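Asks: The structure's right below; bear with me while I get my questions together.
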Amino acid sequence: MAIYKDYAQVYDHSGQLAFSLQMIPYLSRLLERHPAEGKVMLELACGTGTVAIAQAEAGGRVYAVDGSADMLAQARRKARDSGTAPLWSQQDMRQFTLPERVHLVTSLYDSMNYMLTSDDLSMVFRQVYDVLLPGGLLLFDMNTAWAFATLWDEETYFIDSDDLTVTMKSDYDSQRQRASVTVTCFQRVGDLYRKIVERHTEQAYPREQIATLLADAGFWVEGKYDCFSLDPPTPSSNRIMWAARRPGA
Ligand SMILES: C[S@@+](CC[C@H](N)C(=O)[O-])C[C@H]1O[C@@H](n2cnc3c(N)ncnc32)[C@H](O)[C@@H]1O
């Protein structure tokens, strides 16, 4: 992958870790409402592994897939420090294999928005359906076009500390409902600063289209929420959390 390379080294320190730390208790709340029938799970597009490690610490047998070798290297290092052992693998989320089928798949923090065409998003849903056991649950969040129009359109975010300076400059193509962000980091290495530049692009989809793609893949949508709450989404929701179930046997 051309992205999540050098940026992987500073990802957690560039303000992104807070999202996963907020997600862990929220997932517990969601699972009370949408139970998984067992503890074999997949964290898809696991990034630096914060959620996968928490799932393993809670007693799950956790598979963790990501397309970026550099993000997985960070995840492995963190898992060593924590003494847990998710089973990491570098695979594309559109086409991957696991040694067994799972009760729960999570895919978090915009990862599905990296699917830039509905065909790609559909491939992921179909692939996830195949690795879920009958009755298995998929939980994922996606940024909305509203978020891109209000938070990403010609915006600049800036984070500064002694060892790391990050600017994120974003733009939004409202015709295509597609947003991009250029991440520029200066990471302190001894007395020098290393420059890291990556451009990330995300695609928003109307919620009706997401529901149709899920249904076409065989899923039953059990719920959708204004993310981090258990309230239904509104037209101004920035992020929607979806709970979709593979029907039981
Ligand atoms: C915004 S990060 C989220 C990471 C993690 N889920 C979290 O909550 O911090 C998006 C992740 O999606 C992964 N990703 C993007 N496209 C992918 C693809 N086609 N296959 C596998 N992983 C992909 C990236 O490598 C990155 O780790």
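Asks: Please verify whether segment 120-130 includes one or more residues that are more than 27 Å from residue 177 (Cβ to Cβ) and surrounded by fewer than 16 Cβ atoms within 10 Å (Cβ to Cβ).
Replies: Within segment 120-130, one or more residues are more than 27 Å from residue 177 (Cβ to Cβ) and surrounded by fewer than 16 Cβ atoms within 10 Å (Cβ to Cβ).
Asks: Restricting attention to segment 208-229, does a residue exist that is surrounded by fewer than 18 Cβ atoms within 10 Å (Cβ to Cβ), in a helix (DSSP H, G or I) and of a type in the set (D, E, K, R)?
Replies: yes
Asks: Then there is this: Can you name every one of the strands (runs of 3 or more DSSP E) wholly within segment 119-176 that holds 3 or more residues which are under 22 Å from residue 95 (Cβ atoms), touching a helix residue (DSSP H, G or I) at 6+ places or on another chain (Cβ under 6 Å) and at pLDDT 95 or above? Steps first, answer last, please.
Replies: On the way: elements: 132-143, 155-160, 164-173.
Passing ranges, in order: 132-143.
Asks: For residues that are among the hydroxyl-bearing types (Ser, Thr, Tyr) and touching a helix residue (DSSP H, G or I) at 6+ places or on another chain (Cβ under 7 Å), scanning just segment 77-99, find the one that is surrounded by the fewest Cβ atoms within 10 Å (Cβ to Cβ).
Replies: Applying the filter and picking the extreme gives 82.
Asks: Regarding residue 74, is this residue in contact (Cβ under 8 Å) with a residue 12 or more places away in the chain, in contact with a helix residue (DSSP H, G or I) (Cβ under 6 Å, 6 or more places away or on another chain), among the polar types (S, T, N, Q) and closer than 24 Å to residue 122 by Cβ?
Replies: no
Asks: So, of the residues in segment 19-51 that are among the small types (Gly, Ala, Ser) and within 10 Å of the ligand (Cβ to nearest atom), which turns out to be surrounded by the fewest Cβ atoms within 10 Å (Cβ to Cβ)?
Replies: Checked segment 19-51; the qualifying residue surrounded by the fewest Cβ atoms within 10 Å (Cβ to Cβ) is 20.
Asks: OK, next. Hey, can you tell me all the residues within segment 4-18 that are assigned to a loop (DSSP other than H, G, I, E, B) and more than 7 Å from the ligand (Cβ to nearest atom)?
Replies: Of everything in segment 4-18, those that are assigned to a loop (DSSP other than H, G, I, E, B) and more than 7 Å from the ligand (Cβ to nearest atom) turn out to be 5, 10, 11, 15.
Asks: Given the criteria closer than 24 Å to residue 182 by Cα and within 12 Å of the ligand (Cβ to nearest atom), does residue 72 qualify?
Replies: So residue 72 passes the test.
The values are calculated or read from the model by the stated rules, or taken from the named source; none is laboratory data. Note that the coordinates shown come from a computational prediction; the quantities given were computed from them, not determined experimentally. Note that we place each Cβ from the backbone using ideal geometry, even for glycine, and neighbour counts take in every protein chain shown.
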